[in-house]
1. In the range 35-46, is there at least one residue being of a type in the set (Phe, Trp, Tyr) and closer than 30 Å to Asp267 by Cβ?
2. Can you pull out the residues in the range 16-37 that are modelled with pLDDT of 90 or more and within 7 Å of the ligand (Cβ to nearest atom)?
3. Name the residue that is nearest to Thr144 (Cα to Cα), counting only residues in the range 176-213 that are in contact (Cβ under 8 Å) with a residue 60 or more places away in the chain and of a type in the set (Ser, Thr, Tyr).
4. Looking only at the range 249-274, how many residues end up being farther than 30 Å from His160 by Cα and either part of a helix (DSSP H, G or I) or hydrophobic (A, V, I, L, M, F, W, C) (or both)?
5. Look through the range 206-248, keep the residues that are hydrophobic (A, V, I, L, M, F, W, C), under 20 Å from the mean Cα position of the chain (by Cα) and in a helix (DSSP H, G or I), and return whichever of them is nearest to Lys268 (Cα to Cα).
6. Could you tell me whether the range 139-162 includes any residue that is assigned to a strand (DSSP E or B) and either out of contact with any strand residue (DSSP E or B) (no Cβ under 8 Å at 6 or more places or on another chain) or more than 29 Å from Arg256 (Cα to Cα) (or both)?
7. Are any residues in the range 250-277 modelled with pLDDT under 85 and β-branched (Val, Ile, Thr), and if so, which ones?
8. Give the number of residues within the range 171-190 that are more than 16 Å from the chain's Cα centre (by Cα) and surrounded by 14 or more Cβ atoms within 10 Å (Cβ to Cβ).
Amino acid sequence: MANNLGARIRVVNNNNDTALDAVRTFWNEHVDDWKVARSEPGSAEFFREIEDYRFEKLHYLPRLVNYAGYAGQSVLDVGCGVGNDTSRFARGGARVTGIDLAPRSIELAMRNFQQRGLAGAFHVMDGERLTFPDDHFDLVYCHTVLQFTPHPDRMLAEIHRVLKPGKHAIIMTINRHSWMQAIQKIAKVDIDYLDAPVFRRSTIAEFRRMLRMFSSVRIVAERFPVKTKIHRGLKGALFNHAFVGTFNLLPRALVRRTGHHLLAFCDKRTAAGAERRDPDEH
Ligand SMILES: C[S@@+](CC[C@H](N)C(=O)[O-])C[C@H]1O[C@@H](n2cnc3c(N)ncnc32)[C@H](O)[C@@H]1O
């Protein structure tokens with residue numbers, strides 16, 4: 001497939017699933033965090049703006065995810081978007097592969113890597129039907145994707161299948177009982193992508209049940225209020241100047257379970273069935 005940034009993109013496993021088609025169409029038109037970028041799409045500055053915004057919101061991610069800890073190892077980023085996190089793993093020396101259902105995302109991820117002088121393999125591919133062999137990757141990473149795919153159980157089964165025994169996956173989803181869901185209901189504040197064709201929230205217990213194929217799972221609730229650049233007017237001002245400060249005065253231990261993002265660190269059983277933990281694992 002030719003695309004308007006000049007790269008050639010191979011669609012690996014196109015199918016006739018109408019639910020997936022709707023998801024693909026939506027994400028082709030809603031590249032994540034695109035709206036914060038002011039620069040020319042595809043320029044180095046454009047990717048920098050998107051990345052800066054992402055890691056301002058998700059400032060805890062580099063503390064929880066050791067992006068530099070996979071040098072020489074194979075990392076798969078499922079639903080990689082424009083390749084923000086993929087590029088962090090690549091900069092840390094990992095051999096990265098990014099897949100995404102939306103051709104536009106893959107086009108931009110490839111451009112992002114080109115702009116940064118990084119190497120990576122990218123494919124338009126359905127994360128519910130990965131074409132990689134069993135036991136193939138040292139890390140499978142999947143951030144802000146599971147809640148948007150029509151059959152999350154299929155995606156999780158695929159993540160588990162392509163992960164090497166004894167290695168781990170890092171998978172994120174949205175918390176059904178989060179502070180953000182609460183203010184969305186009370187103050188009618190918009191949440192990004194509520195209009196996506198699929199948008200599912202899970203409780204911590206439900207997420208744990210979905211991850212039952214892994215031999216051990218640790219779930220961390222994160223993503224607490226930070227000032228928004230997206231919402232303006234009175235609601236934006238109240239949120240930024242009253243809500244964020246007040247909420248963050250509450251002891252974290254008290255509100256921990258209301259974190260908007262649930263981040264799961266999941267081990268795949270070793271071939272021998274014994275647990276093995278990497279020293280850098282969280
Ligand atoms: C909110 S974006 C997140 C992008 C990136 N992971 C990040 O955190 O910046 C969601 C992405 O998931 C992708 N996606 C949704 N369902 C998918 C599926 N079944 N297979 C592969 N990608 C999928 C979308 O195309 C979109 O690029």
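The values are calculated or read from the model by the stated rules, or taken from the named source; none is laboratory data. A quick note: this is a predicted structure, and the numbers were derived from the prediction, not measured. Please note: Cβ atoms are built from the backbone with ideal geometry, for glycine as well, and neighbour counts cover all protein chains shown.
1. No, because not a single residue in the range 35-46 is of a type in the set (Phe, Trp, Tyr) and closer than 30 Å to Asp267 by Cβ.
2. Correct list: Leu20, Val23, Arg24, Trp27.
3. Tyr193
4. The first filter runs over the range 249-274 and keeps only residues farther than 30 Å from His160 by Cα, leaving 249-255.
Now narrow it down to the ones that are either part of a helix (DSSP H, G or I) or hydrophobic (A, V, I, L, M, F, W, C) (or both): 249-250, 252-255.
Of the residues in the range 249-274, 6 are farther than 30 Å from His160 by Cα and either part of a helix (DSSP H, G or I) or hydrophobic (A, V, I, L, M, F, W, C) (or both).
5. Per the criteria, the residue is Met210.
6. Our first condition is that a residue be assigned to a strand (DSSP E or B); within the range 139-162, this holds for 139-142.
Now drop any that are not either out of contact with any strand residue (DSSP E or B) (no Cβ under 8 Å at 6 or more places or on another chain) or more than 29 Å from Arg256 (Cα to Cα) (or both), which leaves none.
Looking for residues that are assigned to a strand (DSSP E or B) and either out of contact with any strand residue (DSSP E or B) (no Cβ under 8 Å at 6 or more places or on another chain) or more than 29 Å from Arg256 (Cα to Cα) (or both), one finds none in the range 139-162, hence no.
7. Across the range 250-277, the qualifying residue is only Val255.
8. Keep residues of the range 171-190 that are more than 16 Å from the chain's Cα centre (by Cα), which gives 176-190.
Narrowing further to those that are surrounded by 14 or more Cβ atoms within 10 Å (Cβ to Cβ): 176-181, 183-184, 189.
So the count comes out to 9.
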